[in-house]
Amino acid sequence: MPRSLCTSFAAAFALASFLVCLLAGWVGENHLATILERSLLALLPAFGVGWVVGYLLDGILARHAQDLRIAWEPSAVPPESGLDSRGIESDAEGVAADQEATAAV
């Protein structure tokens, strides 16, 4: 089962915030219990924020993919061609027609 961008982004954001809190507590020379408690408390709101951002990104990517799909679909109505309606002419026929027109002048 493929994961959505919501849960993947939320998990990555929560783990990144957990790591930042651990490093900040370690650099601040706090007790281990205080570092872990504050890091775990920061983990939950960070997961919520990451889930909301991932949900928004998931919607943006789905809308963009839909726009690209619509843009690349062949249209039902063929575009009007600027070619001659008589069909494709070879170069020899075109040259002969030009010579007849200049001879008549």
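Derivation of every value follows stated rules applied to the coordinates shown; laboratory data play no part. A quick note: this is a predicted structure, and the numbers were derived from the prediction, not measured. Glycine also receives a Cβ, built like all others from the backbone with ideal geometry; neighbour counts cover every protein chain displayed.
Structure notes:
- Of all residues in region 13-42, those that are free of Cβ contacts under 8 Å to residues at least 40 places away in the same chain have Cβ atoms under 7 Å from Cβ atoms of residues that are of a type in the set (S, T, N, Q) and in a helix (DSSP H, G or I), 6 or more apart or on another chain, in 18/39; 21/39; 22/39; 25/34; 25/39; 42/17.
- Taking the criterion of being more than 15 Å from residue 12 (Cα to Cα) and in a helix (DSSP H, G or I), the residues of region 25-57 that qualify are 25, 26, 27, 32, 33, 34, 35, 36, 37, 38, 41, 56.
- The set of residues in region 20-39 that are loosely packed, with under 12 Cβ neighbours inside 10 Å and within 35 Å of the chain's Cα centre (by Cα) is empty.
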